[in-house]
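Taking it in order: structure first as structure tokens, then the write-up.
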Amino acid sequence: MSDRPPSKFASYFGGIGHALSVRDYRVYWIGQMISVQGIWIWRVSSGVLIYQLTQSPAWLGTLSLAFFGPLMVVGPVAGAIADSMGHRRTAIASLWVTILITATMAVLTASHLMTPLLLAVLTGILGVGSAFDFPARQVLVQYLVGRERMSAAIALNSTTFNVGVFTGPAIGAALLAWSKPWAGDAAPAVGFAVYSTTSICFMLSLVLIRARDAARKPMSLARVATDVRDGMLYIAQHRTIRLVMGGWLLISFLMRSYVDLLPGFAADVFHRGSEGLGFLLSSGGVGSLVFAIAMAVRGKSRGMPRLYAVSATIGALAILTFSLTPSFTVASGCMAVAGAFIITASICAQTIVQATVDLNYRGRVLAVYLSIVPSAQSVGSFAIGWGAEYVGLPHAMATAICLALLMIALTAPQIWRRAASIEHEMLNNVSHLQPAAPGARK
């Protein structure tokens, strides 16, 4: 990988310019940006379709479980396989699954042959493919940009995702509105076809990058089982990763579920309906987007351990205030603050884990991180929502946040005291400086 300094023009954009100055990462990022739009278009289209078919909110939850269930179960195994096969190869193979499944969804929907059960099964297969795809594409980032630019690249990826949160659903809704007059109930087929197309675009970007995986390692079921076990042992024995990943996992379970519960707050607590829900989501999204961009421009690993501790604390306090306030205006402000500092804590946590993990365990550790943390949020939503049936949403959410603050109080001081050593570990873990293959060029 070339360590050529970025151009003067690129330097005006801080960490973003430094990351995009690498040719391979620039090609990757363009494909990633297109792919993220497709993911959200698919989510909107599949939600509309399942509700058309069933008129049941329960089926909406079932469809979410069908996607995240395989991600949680298969994720650690997928990471071990990716470490053996190569992360670029794994991402390309999993994208083929996405392309074929979403194209099948489009054809069945357009032919009026789709059923709720069939949609759930296809979504489950898509979840299995994503369990391989998501960790592989994240690990590729560090191969492509190297250690100095990694923090900026991760933050830029988060920024891209948060932009997609705004633009993807809007494009999906526009596609549904455009196709409804002539496609009728088959309108979601257009969204499925678009996701298949955006996946092709991302796969082409992975084909076009110059970096190549190292030679495949021998692989068998026994080898995969051993790799998964070794990866779990590595996480348990690595003090920094255990502290950050374990803490963020529990914090996500208790705290990040607030997003899934916002419809209840908007309708039953603030009595604002869908308009209020949109405003709360927009407030949180704006906060997330602004701070994700700031983190990408900052582009530094230095100071991240303490920034993580501070951001997690402020984010939790913002959600606690949101849970207890009767004022919709105050609640909207809290959503902006919570979105800003939770995305910052998330970027810091992922960067610390990715910068301190050994090269040989990177895929397995990232697979565990990227499969369990989102799943923890979904499980937390279910648990807090169930509790709200008895004590109401505000008290259920506030109780969860108090537990999250307790977890932060137990882990943040340890991270704060070890901040200097964690930063040294991030900056001097030379095993990460090797490219994907000896002849890889950027």
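Read the figures in this text as sums done on the coordinates, not as results from a lab. These numbers come from a predicted model, not from an experiment. With ideal geometry, Cβ positions are generated from the backbone for all residues, glycine too; neighbour counts draw on all protein chains shown.
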Burial-style ranking of 176-187, 248-259, average other-beta-carbon count within 10 Å with highest first, yields 248-259, 176-187
Evaluated at 37 °C and 0.692 mPa s, the Stokes-Einstein D of region 230-437 based on the Kirkwood radius over Cα pairs, in µm²/s, stands at 185
Of the candidates Val379, Leu71, Ala183, the farthest towards the positive dipole end of the chain (Lys/Arg Cβ +1, Asp/Glu Cβ -1, centred on the Cα centre) is Leu71
Most packed first (mean Cβ within 10 Å per residue), the peptides 196-207, 106-117 order as 196-207, 106-117
With -39,500 (n - 2.57) per DSSP H segment of 4 or more residues and division by the full residue count of the chain, the 222 nm estimate, nearest 500 deg cm²/dmol, is -29000 deg cm²/dmol
When the charge dipole of the chain is computed with +1 at the Cβ of Lys and Arg and -1 at the Cβ of Asp and Glu, the Cα pointing farthest to the positive end, of Ile41, Leu359, Gly231, is that of Leu359
Reduced to Cα centres, the span from region 382-421 to region 321-377 in Å works out to 13
Ordering 416-422, 300-306 by per-residue average of other C-beta atoms within 10 angstrom, highest first, gives 300-306, 416-422
Scoring the chain by relative contact order with C-alpha pairs under 8 Å, at least six apart, yields a percentage of 27
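What helices in the chain pass both tests, a Cα length along the helix axis of 27 Å or more and a mean Kyte hydropathy of -1.0 or higher, using whole DSSP H runs?
Flagged H segments are 23-54, 57-85, 87-110, 116-183, 188-208, 273-298, 304-324, 328-356, 362-391, 393-417.
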When the charge dipole of region 230-437 is computed with +1 at the Cβ of Lys and Arg and -1 at the Cβ of Asp and Glu, the Cα pointing farthest to the positive end, of Thr344, Ile422, Gly315, is that of Ile422
Computed curve, the chain, Cα-only Debye sum without solvent term, log₁₀ I(q)/I(0) at 0.10 Å⁻¹, is -0.71
If every Lys and Arg gets +1 and every Asp and Glu gets -1 at its Cβ, then about the Cα centre the chain yields a dipole, in debye to the nearest 20, of 1480
Here the alpha-carbon Rg of region 10-219 over 2.2 N^0.38 Å rounds to 1.06
Each label sits 7 Å from Cα toward the beta-carbon; between Arg223 and Lys180 the label points are separated, in nm, by 5.3
